[in-house]
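> Here it is, the structure, as structure tokens.
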Amino acid sequence: MAVAGGVAGHRHRPPVVLCGCGCHAACPLMNRGVIAEAVWERRCACPGTEQARRNLGEPRRDHGDFAGFRERARRERQEQRAARDEAFDAARAAAGGKTRAEIRDIYMAQLRARGLPVPPDEVLDACADAITGGRRRMPVSFPGLILTGIGKELGELGKLFRNVGVFHKDG
């Protein structure tokens, strides 16, 4: 429960929770804890209350069952995997006599043609190496390559946070 409290929901609806920022300071219900929805509807003076009331009055949207969601997600992953494999095979077929940079460009074009996102440079380099080496899949060292890249990025993020902390203490 946030500092500002909330509105008790109905049996099939979660409670409305107010943030604890100053935008609710003028509301007569501030810091009252959980209150009945009828009281909230009559007395709340917070910004955005009208939209919240409209949202509560709308029927709940059916998002389907979780099993259906999982099945759709599984199917989408399979389709993307198949499209990535097709892009890889097409780039490999066109790679004869090309440089590594040209192979990278070909692979990126194949991914884009299939509506797939272009991966980070480390992944593109590994794919180009796999195509150049005639391999069907990524090298075994690929996960290590990715983890090394993540470690470097986390190190940079740590430096950023340290610098922000120093700036905040001095400022």
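Throughout, read-outs are computed from the coordinates displayed, never taken from laboratory work. Remember, it's a predicted structure, so these values are computed and weren't measured experimentally. Please note: Cβ atoms are built from the backbone with ideal geometry, for glycine as well, and neighbour counts cover all protein chains shown.
> By average Cβ neighbour count within 10 Å, what is the ranking of 100-112, 24-36 from highest down?
Listed from highest to lowest mean packing, they are 100-112, 24-36.
> Right, another one. With labels modelled as points extended 7 Å from the Cα through the Cβ direction, what inter-label distance (nm, one decimal) is found for R54 paired with E153?
Using points 7 Å along Cα→Cβ, the separation is 3.8 nm.
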